[in-house]
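One structure below.
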Amino acid sequence: MINQYKFEDEPELRDLFITVDDPESHITAIETFITYRVVTKTSRGEFDSSEYEVRRRYQDFLWLKSKLEEAHPTLIIPPLPEKFIMKGMVERFSDEFIETRRKALHKFLNRIADHPTLTFNEDFKIFLTAQAWELSSHKKQGPGLLSRMGQTVRAVASSVRGGVKNRPEIFTEMNDYVEIFSQKINVLDKIAHRIYKEEREYFNEMKEYGPIHTLWSASEEDIADSLKGVASCINKCCKATEKRMAGLSENLLPILHEYVLYSDILMGVLKRRDQIQGELDCRVDALANKKTEKDLFSEEIGKLEDKVECANNALKADWDRWKQNMQCDMRSTFTNVAENNLHYYEECLATWESFLASQTVDLHVEEDS
Amino acid sequence: MEDCLAKKMEITVSEAEKRTGRNAMNMQETYTAYLIETRAVEPQSEGQCAPVDSLWRRYSEFELLRNYLSVTYPHIVVPPLPEKRADFVWHKLSADNMDPDFVERRRIGLENFLLRVASHPVLCQDKIFYSFLTQEGGWKEMVNETGFQLKADSRLKALNATFRVKNPDKRFTELKHYSDELQSVISHLLRVRARVADRLYGVYKVHGNYGRVFSEWSAIEKEMGDGLQSAGHHMDVYAASIDDILEEEEHYADQLKEYLFYAEALRAVCRKHELMQYDLEMAAQDLTSKKQQCEELATGTVRTFSLKGMTSKLFGQETPEQREAKIKVLEEQIQEGEEQLKSKNLEGRDFVKSAWADIERFKEQKNHDLKEALINYAVMQISMCKKGIQVWTNAKECFSKM
């Protein structure tokens, strides 16, 4: 099945299996929203049970993502599907929209489960296992709104300073890479959508093309069979093209879209690293101007230096991991696209060849008789 | 078929050339002239090839030839000319008559027309046709001297006959019905085919966009770079392949178009039959009424109302001498009428017989040609699929090495 998540790291050692399915609409006095069923199966000791079933809404996923970002600012947290799609006339609660979102949410949780660090995150465990009221009360704990705002202000302040001037070369290279990658993946996303659109238009015209031959065969005698044969071939090719389209929309389009979102995430991660660096640089600069009390602050500086080193190492490791997964995903996705097209052409070839064989047999029979 | 011209003479329309000249209103115009080359097929001594004769003709002269043939042989399903203006075009093709691709396809169509006429057992023997192929100067005057335009039936007359004929041969009625259906279904098919071609073009060409992006992306990737680059190249090949594919399909469309236009030729033969039949019915009706008049005058009974009858009642009967004279005239007319009716009947029957013979010939030709065209279409599709398989097999290999 194409929409089942592909294992990245040691598949044999996987001990956490998550599915997202069964979207359900909930209507209250204030709002209407969708919840999804999240089923977890695990053999891990830290989990009290081996199977969990909970219902989550999009808001809950958003919460999880922000908790993960908070806890691991320089790890590459997988992307969530967007809040709503602006382009295209996809209505907020259309079946297509809900299904696309469900698949993306499924992907999101599984990517976290496969991440060597994130998979052991406490909030992740609570997300998977807590009942609705438990989750609500847990959400209310943790840093309040004001302190979160304070963090943001500090982050903005230090980001203005940049943390760019002392940035190690490797992160500048990463930045350059992400800029270009982001451009290219966006263009690829557009191309893929255009291909899908063109294939759909072709499919629509083909639907009309076959039946005309059948209609014609009704006024003919001698060539009626040939005409019906052509009609049947065209109809079969039409179905094959529908399959090809489905392959695109199930595989290539979601992956490219995910990596478009990933490129924004990568930019964000690099910025956060710069901010952490910036905090350190800030303190160091401030200290450079103070002639006294150097010893008092050396501990603080030490802590910040540790923080920077941790962040850098975490990012470096995660970056390598991300690149490997990206390469793997791209390889398998595009190979799959090529396979889809191969199947399409092979199916059409078989259809037309069998028609041709039937026609030339008739010709030989006519010549002999 | 053994005696037809096509066996004795090689005919080709080998070139097309743009010309400028002055038209009937002395205005400058641009038109295309076509070179017709002919060569005798009979073996020459010592393996020499017979000399090639050639002359130039423009489309309007072909039209004149066809009009002449249609009028002169109304019982024959006369082969149609290729279209005057480009129709059923999809967006990439130009609808311009001067477009080189259109001119090329028209050249082929005109050659096909000449070959069809030359291989028709009746038409190939026509002198005007032979002169068309061999006599450059004075041909137009020759055609006009035959006075064929006078023989042409007016559209109005034909339309009138179609509506009023009482007893046409059922086979012709069915044939007319068939030719209407054929025309309708082939038009529809050609229209949709053009749209399908348009869309197919779109699908292939959009894949061409991959090439550039893959190339630019490969610049920042170490391991994936080669795979991306080479895959991109295959996508370019894929995108470019559609041009030849669709050009070949255009020839298939032209084959169908010929039979679209043939439907009109079939209808013309049916119309001629209806006209002749109507003429016959009118002549019979006229004869009957004259006979009746004659009888009334002879016996003095008035069975039908007539103004003459009324006036003679009001103003007094005519004298026996006057009546005698009238009867005499009528008797002469009746005799003429009966002879005419006899010959019209014979004409009608001959027409039906020879027309139906040509229609059977046409049916066989049509079934053979259309079946072949459909087979060719399948061959084209197979070729397209094989090309697709090759490209995507290569692309898959590149992708799997990323």
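Here are some notes:
- Where a residue in the stretch A:31-49 is in the same structural domain as A:F108 (by the TED database) and its partner, wherever it lies, is of a type in the set (S, T, N, Q) and assigned to a loop (DSSP other than H, G, I, E, B), with Cβ under 7 Å and at least six apart: A:K41/A:S50; A:T42/A:S50; A:S43/A:S50
- Test: residue in the stretch B:284-304 that is within 30 Å of B:Q381 (Cβ to Cβ) and either at pLDDT 90 or above or assigned by TED's automatic domain parsing to the domain that holds B:S383 (or both): no
- Residue within the stretch A:249-258 that is away from every other protein chain (no Cβ under 13 Å) and touching a Leu at 6+ places or on another chain (Cβ under 6 Å) present: no
- Failed item in (1) within 8 Å of chain A (Cβ to nearest Cβ); (2) assigned to a helix (DSSP H, G or I), with B:M402 passing the rest: (2)
- Selected residue (criterion: nearest to the chain's Cα centre (by Cα)) from residues of the stretch A:186-203 that are within 8 Å of another protein chain (Cβ to nearest Cβ) and either farther than 30 Å from A:A231 by Cβ or not β-branched (V, I, T) (or both): A:L188
- A:E220 vs. criteria free of Cβ contacts under 8 Å to residues at least 24 places away in the same chain, outside any helix (DSSP H, G or I) and either within 8 Å of another protein chain (Cβ to nearest Cβ) or in contact with a Leu (Cβ under 8 Å, 6 or more places away or on another chain) (or both): yes
- Subset of the stretch A:202-217 that is surrounded by fewer than 18 Cβ atoms within 10 Å (Cβ to Cβ) and either of a type in the set (D, E, K, R) or at pLDDT below 95 (or both) - its residue that is farthest from B:K366 (Cα to Cα): A:K207
- For the stretch B:212-232, a residue qualifies if it is crowded, with 19+ Cβ neighbours inside 10 Å and either under 23 Å from A:R200 (Cβ atoms) or without any contact (Cβ under 8 Å) to a residue 12 or more places away in the chain (or both), and the qualifying residues are B:V213, B:W217, B:E221.
- Screening the stretch A:161-185 for residues that are at the interface with chain B (Cβ under 9 Å from one of its Cβ atoms) and buried (at least 18 other Cβ atoms within 10 Å of the Cβ) and picking the one that is farthest from B:L182 (Cα to Cα) gives A:F181.
- Only a single criterion out of (1) of a type in the set (A, V, I, L, M); (2) touching a residue at least 60 places away in the same chain (Cβ under 8 Å); (3) out of contact with any Leu (no Cβ under 7 Å at 6 or more places or on another chain) is not satisfied by B:V329, namely (2).
- Any pair with Cβ under 6 angstrom, 6 or more apart, that starts in the stretch B:269-296 at a residue that is touching a residue at least 60 places away in the same chain (Cβ under 8 Å) and farther than 17 Å from B:R323 by Cα and ends at one that is in a helix (DSSP H, G or I) and of a type in the set (V, I, T): B:E274/B:T162
- Condition met for B:L246 (over 29 Å from the mean Cα position of the chain (by Cα) and in a helix (DSSP H, G or I)): no
- Count of the stretch A:9-59 residues which are of a type in the set (A, V, I, L, M, F, W, C) and at positive phi: 0
- Lone qualifier among A:A231, A:A288 - being surrounded by fewer than 14 Cβ atoms within 10 Å (Cβ to Cβ) and either under 30 Å from B:K371 (Cβ atoms) or over 36 Å from the mean Cα position of the chain (by Cα) (or both): A:A288
- Taking the criterion of being more than 9 Å from chain B (Cβ to nearest Cβ) and either within 17 Å of B:V391 (Cα to Cα) or aliphatic (A, V, I, L, M) (or both), the only residue of the stretch A:351-360 that qualifies is A:A357.
- Residue within the stretch B:243-257 that is within 21 Å of A:H193 (Cα to Cα) and either within 10 Å of another protein chain (Cβ to nearest Cβ) or crowded, with 20+ Cβ neighbours inside 10 Å (or both) present: no
- The single condition among (1) free of Cβ contacts under 8 Å to residues at least 40 places away in the same chain; (2) surrounded by fewer than 19 Cβ atoms within 10 Å (Cβ to Cβ); (3) within 14 Å of chain A (Cβ to nearest Cβ); (4) part of a helix (DSSP H, G or I) that B:V206 does not meet is (2).
- Filter result for A:A246 (in a helix (DSSP H, G or I), hydrophobic (A, V, I, L, M, F, W, C) and within 30 Å of B:L189 (Cβ to Cβ)): yes
- Check on B:W356, among the aromatic types (F, W, Y) and more than 8 Å from every other protein chain (Cβ to nearest Cβ): yes
- Hits in the stretch A:126-142 (condition: closer than 16 Å to A:V39 by Cα and in a helix (DSSP H, G or I)): A:I126, A:F127, A:L128, A:T129, A:A132, A:L135
The values are calculated or read from the model by the stated rules, or taken from the named source; none is laboratory data. Remember, it's a predicted structure, so these values are computed and weren't measured experimentally. Cβ: placed from backbone, ideal geometry, glycine included. Neighbour counts: every protein chain shown.
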